Amino acid sequence: MKKFMFLLVAVICLSATNREEGTLNLALLKYNGGGDWYANPTALPNLAAFCNETLNTNFGPEYEVVDVGSVEIFNFPFVHMTGHGNVIFSDLEAANLRNYLIGGGFLHIDDNYGMDPYVRVAMKKVFPELELVELPFEHEIYHQKYEFNSGLPKIHEHDKKPPQGFGLLWEGRLVCFYSYEADLGDGWEDEDVHKDPFELRVQALKMGANMIQYVFGRE
């Protein structure tokens, strides 16, 4: 029932421009604390275009910025969060994000290097009763249109650690996927931003498409 209500709100609350075009935009989470939530500006448009091409989705070419404490977050089934530094959620923001996720929303957190110790504290405020757990390679998020039998691809080298995919599970449902030491968002960016090889960028986009298919294909 909660998910039905969430999806109904998401359909009704599409922005006026998207309502005319019949599209839904991906969303980027804006948060406080000083971290650069706005990092990787070309990432979501490229992911949207890739998904439109490979998954037959109909995402708009631009992304929406949504504040963690805003009711507008309920407009978007998929919200992306990134950055390099501090993350702070107020009590009201944490409660709003919790309601969004419990109600059927999905948050992808991508550590762009440096946000790990802060985002873990922030998400603990959202779900104090849950722990971020590493997902097994058998988890279905790794086995959608594209197969990632060894988990997340490694896009950028940070501290020479293996990439890890963590999740928050609410009543058995994955509500938050946290990609750590992978830097998927950098791989989604325009080629001239980081000069990543084509094959590496495609791997990042394929993993992003898997997340989109997982979220929008859930019952």
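The values are calculated or read from the model by the stated rules, or taken from the named source; none is laboratory data. These figures come from a predicted structure and were not determined experimentally. Every residue, glycine as well, gets a Cβ built from its backbone with ideal geometry; the counts of neighbours run over all protein chains shown.
Picking from ASN99, ASN149, which residue would you name as being within 17 Å of ALA209 (Cα to Cα) and without any contact (Cβ under 8 Å) to a residue 40 or more places away in the chain?
Going through ASN99, ASN149 in turn, the sole match is ASN149.
Quick test of your reading of the structure: LEU7 fulfils all but one of (1) modelled with pLDDT of 95 or more; (2) not in a loop (DSSP other than H, G, I, E, B). Name the failing condition by number.
Answer for LEU7: the failing condition is (1).
Residues LEU174, LEU168, LEU200, LEU184: which one is more than 17 Å from THR82 (Cα to Cα) and in contact with a strand residue (DSSP E or B) (Cβ under 6 Å, 6 or more places away or on another chain)?
Of LEU174, LEU168, LEU200, LEU184, the one residue that is more than 17 Å from THR82 (Cα to Cα) and in contact with a strand residue (DSSP E or B) (Cβ under 6 Å, 6 or more places away or on another chain) is LEU174.
Only one of these conditions is not met by GLU93: (1) farther than 21 Å from LEU44 by Cα; (2) touching a His at 6+ places or on another chain (Cβ under 6 Å). Which number is it?
Condition (2) is where GLU93 drops out.
If you go through the range 128-141 one residue at a time, do you hit one that is among the aromatic types (Phe, Trp, Tyr), touching a residue at least 60 places away in the same chain (Cβ under 8 Å) and either within 23 Å of ALA209 (Cβ to Cβ) or in contact with a Pro (Cβ under 9 Å, 6 or more places away or on another chain) (or both)? Steps first, answer last, please.
The initial filter retains those residues of the range 128-141 that are among the aromatic types (Phe, Trp, Tyr), namely 137.
Now drop any that are not touching a residue at least 60 places away in the same chain (Cβ under 8 Å), which leaves none.
The answer is no, given that none of the residues of the range 128-141 is among the aromatic types (Phe, Trp, Tyr), touching a residue at least 60 places away in the same chain (Cβ under 8 Å) and either within 23 Å of ALA209 (Cβ to Cβ) or in contact with a Pro (Cβ under 9 Å, 6 or more places away or on another chain) (or both).
Taking GLU53, is it under 16 Å from LEU26 (Cα atoms), surrounded by fewer than 22 Cβ atoms within 10 Å (Cβ to Cβ), touching a Cys at 6+ places or on another chain (Cβ under 9 Å) and among the charged types (D, E, K, R)? Steps first, answer last, please.
On the way: under 16 Å from LEU26 (Cα atoms): yes; surrounded by fewer than 22 Cβ atoms within 10 Å (Cβ to Cβ): yes; touching a Cys at 6+ places or on another chain (Cβ under 9 Å): no; among the charged types (D, E, K, R): yes.
Judged against the criteria, GLU53 is not a match.
So, in the range 56-90, exactly how many residues are surrounded by fewer than 18 Cβ atoms within 10 Å (Cβ to Cβ) and either closer than 22 Å to LEU101 by Cβ or polar (S, T, N, Q) (or both)?
Number of matching residues: 9.
Checking ASP36 against (1) touching a Gly at 6+ places or on another chain (Cβ under 8 Å); (2) among the acidic types (Asp, Glu); (3) farther than 25 Å from ALA204 by Cα, only one condition comes out false. Which one?
ASP36 satisfies all of (1) touching a Gly at 6+ places or on another chain (Cβ under 8 Å); (2) among the acidic types (Asp, Glu); (3) farther than 25 Å from ALA204 by Cα except (3).
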